[in-house]
Amino acid sequence: MANIPLEAGLGLAVVLFVIGLTGVLVRRNIVFILLSIEIMLNACGLAFVAVGSYLNQPDGQVMYFFILTMAAAEVAVGLGLVMQMYKKFNTLDTNAINRMRG
Amino acid sequence: MNITFYICAIIAIASTLMVITSVNVVHALLYFIVSLLAVGVIFFVLGAPFAGALIIIINAGAIMVLFVFVIMMLNLGPHTSRQERNWLSPRVWIGPAILSTVLIVELVYALISQAGKTAASEVVSAKQVGIALFGPYLLAVELTSILLLAGLLGAYHLGRRDSDNGEAKH
């Protein structure tokens, strides 16, 4: 098997996480924000798997399984909200929903 | 094998950057699928074939198809990418980019300061993961199924059409 340094795997996870965070901060389209959240969740999963394979334990992959399930549920509800938002405001701009009352 | 990891890491980082900088949602989705496949290969290289299969089947398969369906339903025209291009002026992204660069330097420094560990000395097979999932983590798996049920109900409730008198009620 390959001898990849642990910090290389964790470093990739960190880079992907920060890219996702930048996406959340920069973009105003809600679909892009959801995609960036997916990127961040995926980066967390990568960190779990890297440490799990460093320790030779299955727990990292188990945690990745849970993160994936959570991401799936989150995306289903989030995209439902996006559909409702587009129906009501006819835009995907997050500035259109900055008030509590529609 | 090492070179596979580094090539896939570069592909993942580049395509993820393209995700957050592209103005068309469908292009961003395609780049994100490339990024997910690269991370999947990294999982295989790291000796985690179960996670690698999961990311390709569920993340690149199911979740991205969900995104594509929603974008097809929203039926966005070319004016949205023009609007996106206007929103992506340097005035908007320069502040978060600087903050993120500081964060990444800090985190990478924290990683490098304790170097010298090797990941992926051997493969953790799907059988071991299954034994762990249905042994010590059994309760968490059951809770996960409840979470999925809640997500299903929430998506059904939010996604249904207000056909006759739904608009007047809220």
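The values are calculated or read from the model by the stated rules, or taken from the named source; none is laboratory data. For clarity, every value in this text was computed on a predicted model and none was experimentally measured. For neighbour counting, all protein chains shown are included, and Cβ atoms are generated from backbone atoms with ideal geometry for every residue, glycine included.
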Picked from the stretch B:97-114 (must be surrounded by fewer than 17 Cβ atoms within 10 Å (Cβ to Cβ) and at the interface with chain A (Cβ under 7 Å from one of its Cβ atoms)), the residue modelled with the lowest pLDDT is B:112
Which residue, of A:89, A:65, is surrounded by fewer than 16 Cβ atoms within 10 Å (Cβ to Cβ), out of contact with any Asp or Glu (no Cβ under 8 Å at 6 or more places or on another chain) and not polar (S, T, N, Q)? A:89
Scope the stretch A:1-36; condition part of a helix (DSSP H, G or I), more than 16 Å from residue B:124 (Cβ to Cβ) and touching a residue at least 40 places away in the same chain (Cβ under 8 Å); matching residues: A:10, A:30, A:31, A:33, A:34
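From the list A:48, A:89, exactly one residue is under 27 Å from residue B:110 (Cα atoms) and either more than 7 Å from chain B (Cβ to nearest Cβ) or touching a residue at least 40 places away in the same chain (Cβ under 8 Å) (or both). Which is it?
Only one candidate passes the filter, namely A:48.
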Would you check if there is a residue in the stretch A:36-59 being charged (D, E, K, R), under 12 Å from the mean Cα position of the chain (by Cα) and either surrounded by fewer than 20 Cβ atoms within 10 Å (Cβ to Cβ) or under 21 Å from residue B:19 (Cβ atoms) (or both)? yes
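Let me confirm something: among A:79, A:25, which residue is within 26 Å of residue B:93 (Cα to Cα), buried (at least 23 other Cβ atoms within 10 Å of the Cβ) and either within 7 Å of chain B (Cβ to nearest Cβ) or within 11 Å of the chain's Cα centre (by Cα) (or both)?
Answer to the selection: A:79.
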Being over 30 Å from residue A:63 (Cβ atoms) and at pLDDT 80 or above narrows B:94, B:55, B:63 down to just B:94
